Amino acid sequence: MTGRVWPEVYKKLGIAPIINAQSWVTALGGSIMRPEVLQAMDDAASSFVDVKKLNLAAGEIVARSCGAERGLVTAGCSAAQVLMVAACMTGQSEQNVEQLPDTTGMKNEVILFKGQRNRYDKAFVTAGATLVEYGSADYATTDDLEKAINENTACIAYVVAPWVPQGIGLEETIRVAHEHGVPVIIDAAAEVPPRSNLSKFHKMGADMVAFSGGKGIGGPQSSGVLAGKSDLMEAVVMNSLNLDSSVAGIGRPMKVSKENIIGLVTALQLFTDSDEGAEWDGWQSKAEFVSERLTGITGLRVEIEDDPAERQGPQPVLYFDDEFSGPSVDEIKAQLEAGDPGIFVGEGGGSRQEINIVMVNVQDGEEKIIADRLNEILRS
Ligand SMILES: *Cc1c(COP(=O)(O)O)cnc(C)c1O
C-alpha cells in the first residue's frame, strides 16, 4: 500500500482502494477531488437553496470558463448529450418539452459519422431521437454528410476522443452543418486538459459542447459541463430545470445536487487557474521513472508517448515482440489487478498488443509500486 490509508467508509463495505493507471475512467472512480472542492461541497450541504437559481448562477461561471454564451452544470457528459439532443429537437416549445421522448412533429434525427460510433452514443438517442450514420468505419466525405442531412435533421453530433477518427474534421462538419442551418453538438468528455479545449470548439463555431466534470476537471464524478449558444441553451434549461412545471422534462432523472453544482464550479475555477505545465511535468517524471525501471527485458520495448490524438498525457507504453518470453498482455493485466493493491492499466486499441500506464490519476508514490510490480511480473 502507499502512504494513503484505506478509507473506513470503503473498508466497512469490504472494498479495497486500487491504483488507477487507466485514466479518468468511470469504472475506477473518475478522478480525485481536491480538498478545496470537498470543502466547498461540505459548505454547500449545510443549507437549502433554490436549486434552479443556483444552477443558473453556476451556469454563468461555466459559460465564462468556456468562452460560450451560456452554460449549465449537468449530471455528467452523458447527461449533457441527452440534453443537447433534446434541446435541438424541442427548441423553446413548452409543449415539445413535455412531449419527449415522443418526437412526433419534431425534427428527430441525429447525424453521426460511422467511425465515431462509440459506447457512449446511446445518450444521443435517449431523448427519443434516431441516429443516422454516414460514411464508413474509417472514412467519410463531405458529400456523405450532405446526403445524410434532410428536413428531419435535429443536429449533427461530433465526438472528440483519443482513438476516435475525426472523419471530415470538425471545421468542415461545422461549415457544412451551418450551411444547412443545422446545429453541431460535441461530446468532448475527456478532452480537458488542456484547458484551452474548454473554449476551443466554441471558437470554432460549435453550437454546444459537453465535457465530463469528473474526469480531467476534477469535479464530482457525476457532474458535467455543458455550454453553447443562448437559444439552444435556453432549450437545454427547459428540458432539465423545469422544476416548477407540472410535467418534469426528459432531464429529470439527471438532476444535479446542490453539492455537485458547487463542487463542479469550484473544481472548474481551480482547473482554469492551475499550472498545467507543472502538472504535465509531474506525469512525465512518473512516466520516466517507470520506463527506466523496465530496461533490459528481452522482447520488451518501452516508449513514452504523449500524442494528444491517442494519449491522455505522457505515459509509458509497453510493446512486446516475439522475443518476449513472459506472460501475455492479458495475463500481465490479470496479475496486476489481482495484487495488493490492485493496479489497473490501459491496453492497446484493437489488435495492438500493448500496455499503457496512464499517469493522470497515479498519485505521488504509486509509480514506485507500479514499477516494482511490473518488474516482478515481467522478469518472472
Ligand atoms: C467518459 C465519456 C463519456 C461519459 O461521460 P460522463 O461524464 O461519465 O457521463 C462520454 N463520451 C466519452 C467520449 C467519454 O470518454
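Side notes on the structure shown:
- Inclusion of Val164 among residues that are of a type in the set (A, V, I, L, M, F, W, C) and more than 16 Å from the ligand (Cβ to nearest atom) is not warranted.
- For Gly313, the test of being on the phi > 0 side of the Ramachandran plot and of a type outside the set (A, V, I, L, M) is passed.
- Counting only helices (runs of 4 or more DSSP H) that sit completely within region 182-295, those holding 2 or more residues that are within 13 Å of the ligand (Cβ to nearest atom) and under 22 Å from Thr126 (Cβ atoms) correspond to 258-273.
Since every read-out is calculated from the coordinates, none of them should be taken as a lab result. What you see is a predicted model, and the numbers here were worked out from it, not measured in a lab. Neighbour counts are summed over all protein chains in view; Cβ atoms, including those assigned to glycine, are modelled from backbone coordinates with ideal geometry.
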